[in-house]
Amino acid sequence: SFSCFSPIPFVFLSHPFLSPSSFPACFLQVKMADTVIFFYGDHEVKHELCWYGVNASEDDDLYKKANHEAAARAALTYIPTNSEEEESSKRKGIRSSAICGGNLYSLNVPIGGLGLRIQPSANFRGVSLRRSRCVALGPYIYCIGGFSGLPRPRAYLDRVHRFDTRSPDSTWETCTPMNVGRIFPRMAAVDGKLFVLGGTLEKEYQNLNEYFDPSTNKWEFLPPIPVEYGVSTCPIAVFSEHKKFVLCSPTRCLLCFDVNDWSWTRMDGGEFLSRRITGIRGVKIHACQKKPAVAGLTIYWFCPHYLYVHAFDLLENKWFSAPVKNLKMEGDLDGIECFPTLLHLHDELFCLVWDDCNLHAETKLTQIRCTILQISLREWTLSVLVKSTQTYLLDNFHLVDAVLVDGALEENIKSSTDGRMEENIKPVKRQL
């Protein structure tokens, strides 16, 4: 049995959200005009984290439209300096582009598509950051935790850094450290606060979840979770408009934390807990072990093993699944090696950020795909349709995750600068 903690606010209710009649059938979230996707990962040679900002404020087919416009623009602006350069460019399929200082390359997959080679919006050098994780809070990207490589108990780092996407001369700021060192923490940005859970060495992890309030510049511990719960392995679904987040354990109940009431609520998992699929080597795994996206009061996961989208309606306690039609035509997604991220843009549009397991045939660059999906849940039927795919070509890159950021500066989108950020004791300004 699990020992009880000191009395804290904890509510046992069937549902912590409002009644179904309070919500329209359509999605509640509204797209911001300047929403930007920042995907990040490891540079496999330079041992640094790299962030790439790309514009996510597109309508259904804007990615395709941008490709066509970019191709036409490149054809008009391409002026080779000599015959050797011209011949080399023809062989490689390269066309200089005025868009974001990148180069456009022809792609074999998707057929007839174009790939844009881009440079990082920001870099952060340091092996210790390899096991950190990032989250967006307003216009800031926070980089949390990391691994020092030293023996315990100093192996897990309490470091916190942040990058302001609104400024062209932004530096990586060193913020107030956490109370506890962590690797691969689970995080949620709600009501202007940053919540960090799990990823600790200590056994009493139930007591060690904490939050950061930028207005006070302090880290404080959250109320302990009064049930045994493996937080470090639980995806977190964030309901920003309701000021709540939900821990989605594949083996335990769903747990909701209400920022307004500052209390935990135990929810009925129902169908969610019973949903298992046959994974690698025939082992049964839960269908939703990846980072989810949220639209309205429905949680969505993308399952790379069978190219399915799964959805769980919190109000109705119902589960839905549907294949992603035609995704194989957009590239080669490996369900074992790939860790895709599903992000909700607006209405029925989502963006799936994923790492194609094949390098670009001619340049041998990593191919990061941003695929726009239309996910519809109507009359208890889920359907998923691929709308478009934009491909970005990167050097020695391994994708870790992606976040949505509001209010980023245009200069930091699609990496129009070649400047770099380097980790040091003090912040290092970008060299333009």
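Within the stretch 227-242, the set of residues being surrounded by fewer than 18 Cβ atoms within 10 Å (Cβ to Cβ), in a loop (DSSP other than H, G, I, E, B) and of a type outside the set (Val, Ile, Thr) comprises Glu228, Gly230. Close contacts from the stretch 331-348, counting a first residue that is farther than 19 Å from Tyr40 by Cβ and open to solvent by 70 Å² or more (accessible area, probe 1.4 Å) and a second that is part of a loop (DSSP other than H, G, I, E, B) and at pLDDT below 90, with Cβ to Cβ under 6 Å and a gap of 6+ residues or different chains, come to Asp347/Phe27.
Scoring Glu422 on the criteria (1) farther than 15 Å from Ile118 by Cα; (2) modelled with pLDDT of 90 or more leaves a single failure, condition (2). Any idea which residue in the stretch 160-171 is modelled with the lowest pLDDT, counting only those that are more than 17 Å from the chain's Cα centre (by Cα) and not in a strand (DSSP E or B)? Ranking the candidates gives Pro168 first. Would it be correct to say that Pro120 is at pLDDT 85 or above and assigned to a loop (DSSP other than H, G, I, E, B)? When the stated conditions are applied, Pro120 passes them.
Would you check if Ser148 is in contact with a Lys or Arg (Cβ under 8 Å, 6 or more places away or on another chain), open to solvent by 20 Å² or more (accessible area, probe 1.4 Å) and of a type outside the set (A, V, I, L, M)? Step through it out loud before you land on a result.
Values: in contact with a Lys or Arg (Cβ under 8 Å, 6 or more places away or on another chain): yes; open to solvent by 20 Å² or more (accessible area, probe 1.4 Å): yes; of a type outside the set (A, V, I, L, M): yes.
When the stated conditions are applied, Ser148 passes them.
Here is a yes/no grid of residues against (1) open to solvent by 10 Å² or more (accessible area, probe 1.4 Å); (2) closer than 30 Å to Asn108 by Cβ; (3) among the hydroxyl-bearing types (Ser, Thr, Tyr); (4) at pLDDT below 95:
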{"site": "Lys244", "(1), (2), (3), (4)": "yes, no, no, no"}
{"site": "Leu254", "(1), (2), (3), (4)": "no, no, no, yes"}
{"site": "Phe272", "(1), (2), (3), (4)": "no, no, no, yes"}
{"site": "Thr278", "(1), (2), (3), (4)": "yes, no, yes, yes"}
{"site": "Arg281", "(1), (2), (3), (4)": "yes, no, no, yes"}
{"site": "Ile285", "(1), (2), (3), (4)": "yes, no, no, yes"}
{"site": "Phe302", "(1), (2), (3), (4)": "no, yes, no, yes"}
{"site": "Phe312", "(1), (2), (3), (4)": "no, no, no, yes"}
{"site": "Lys318", "(1), (2), (3), (4)": "yes, no, no, yes"}
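Residues in the stretch 26-54 that are among the hydrophobic types (A, V, I, L, M, F, W, C), in contact with a strand residue (DSSP E or B) (Cβ under 7 Å, 6 or more places away or on another chain) and either at pLDDT 50 or above or surrounded by fewer than 16 Cβ atoms within 10 Å (Cβ to Cβ) (or both): Val30, Met32, Val36, Ile37, Phe38, Phe39, Leu49, Cys50, Trp51, Val54. Looking only at residues of the stretch 125-134 that are open to solvent by 20 Å² or more (accessible area, probe 1.4 Å) and not in a helix (DSSP H, G or I), we find that the one that is modelled with the lowest pLDDT is Arg125. Among the residues of the stretch 172-217, those identified as open to solvent by 30 Å² or more (accessible area, probe 1.4 Å), among the basic types (Lys, Arg) and at pLDDT below 95 are Arg186, Lys203.
Tell me, which residue of the stretch 256-270 that is open to solvent by less than 60 Å² (accessible area, probe 1.4 Å) and not in a loop (DSSP other than H, G, I, E, B) is modelled with the lowest pLDDT?
We begin by selecting, within the stretch 256-270, every residue open to solvent by less than 60 Å² (accessible area, probe 1.4 Å); these are 256-259, 263-265, 267, 269-270.
Keeping just the survivors that are not in a loop (DSSP other than H, G, I, E, B) gives 256-258, 263-265, 267.
Working: Cys256: 92, Phe257: 95, Asp258: 96, Ser263: 94, Trp264: 93, Thr265: 90, Met267: 84.
Top of the filtered list is Met267.
Kindly indicate the residue of the stretch 215-256 that is under 16 Å from Val190 (Cβ atoms) and acidic (Asp, Glu) and also nearest to the chain's Cα centre (by Cα) among those meeting that condition. That would be Glu241.
Criterion first (within 20 Å of Asp406 (Cα to Cα) and within 23 Å of the chain's Cα centre (by Cα)) does Phe212 satisfy it? So Phe212 passes the test.
The values are calculated or read from the model by the stated rules, or taken from the named source; none is laboratory data. None of these values were measured; they are calculated from a predicted model. All Cβ positions, even for glycine, are placed from backbone atoms using ideal geometry, and neighbour counts span all protein chains on display. Only protein heavy atoms, including side chains, enter the accessible area calculation; ligands, DNA and RNA are left aside. Shrake-Rupley method; radii C 1.70, N 1.55, O 1.52, S 1.80 Å.
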